[in-house]
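Quick one: this structure, given as C-alpha cells, is what I'll be asking you about.
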Amino acid sequence: MDSPDRPDVAGMRAYAEELQGMFQRIQDAGAELHAKARAIQVTETSRDGLVSVTVSARGELVRLDLDPRIYRRPDARHLADTIAETARRATARAQERVVEIFEPVIPTEEIQAHLNGDLEAVMARLTERMGGTR
C-alpha cells in the first residue's frame, strides 16, 4: 500500500517502461534525427529587409548580411536592435524545426523544456511522472 511518503511504485514502473520505449525509439532513429537536427540552418530577414541573419539549430550565428542601404540611416542602436530581433526570430524558427524533427520520439513539452534550458520544468515533469513531490 502506498503512503504519502512513498511514490506510487506502479506509476514509477509505468514511467520507466515509457522511458525505455522512448530511449529505444531514439536509439533506433537517433543517428538520422541527430544528423537532421545538426544540419538545420534558418535565415530570417528583418522587417525592413536590410538585415539577414542565419543561425544553426542551437541558435548560433552562422552568417550575418547587412544591406549597404543601412548606411543611409546611421543609427547604431537601431541597427543593433534590428540584428538582435532578427536573430531571436531565426533562433525561434530553428528551435521549432528541432521540435518537429524529434516529435515522433520525444514528447514536445520535454524537447521544449530542454531547448529552453528550463531544468526546473524538466525536473518537475520527471518528479510528477514518478509520483513524487518536490
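Between GLU32 and GLU100, what is the label-to-label distance in nm when each label sits 7 Å out along the Cα-to-Cβ direction?
1.7
Can you tell me the FRET efficiency between GLU110 and ASP81 if r is taken as the Cβ-Cβ distance and R0 is 41 Å, rounded to the nearest 0.05?
E(calc), rounded to 0.05, equals 0.80.
Measure nothing but the geometry: give the 0 to 90° angle between the long axis through the Cα atoms of 9-38 and the longest principal axis through the Cα atoms of the chain, rounded to 10°.
So the helix axis and the longest Cα principal axis differ by about 30 degrees.
In deg cm²/dmol, rounded to 500, what helix-only [θ] at 222 nm does the chain give when every DSSP H run of at least 4 residues adds -39500 (n - 2.57) and the total is split over its residues?
-19500 deg cm²/dmol
Helix 76-102 versus the longest principal axis of the chain: what is the Cα-based angle in degrees, 0 to 90, to the nearest 10?
40
How high is the relative contact order of the chain, in percent, counting Cα pairs under 8 Å that sit 6 or more residues apart?
In percent, rounded to a whole number, it is 28.
Could you work out how far apart the two model spin labels at ALA16 and LEU64 are, taking each label as a point 7 Å from the Cα in the direction of the beta carbon, and quote it in nm?
So the two model labels end up 5.1 nm from each other.
If one takes the longest principal axis of the Cα atoms in the chain, at what angle in degrees, from 0 to 90 and to the nearest 10, does the Cα axis of helix 119-130 lie?
Between helix and principal axis, roughly 20 degrees.
Please compute the Kirkwood hydrodynamic radius over the chain, one decimal place, Å, based on all pairs of different Cα atoms.
17.7 Å is the Kirkwood radius here.
Values quoted throughout were computed directly from the atomic coordinates according to the rules given, and no laboratory measurement underlies them. Here the structure is a predicted model, which means the values were calculated and not measured. Cβ coordinates were reconstructed from backbone atoms using ideal geometry, including for glycine residues, and neighbour counts include every protein chain displayed.
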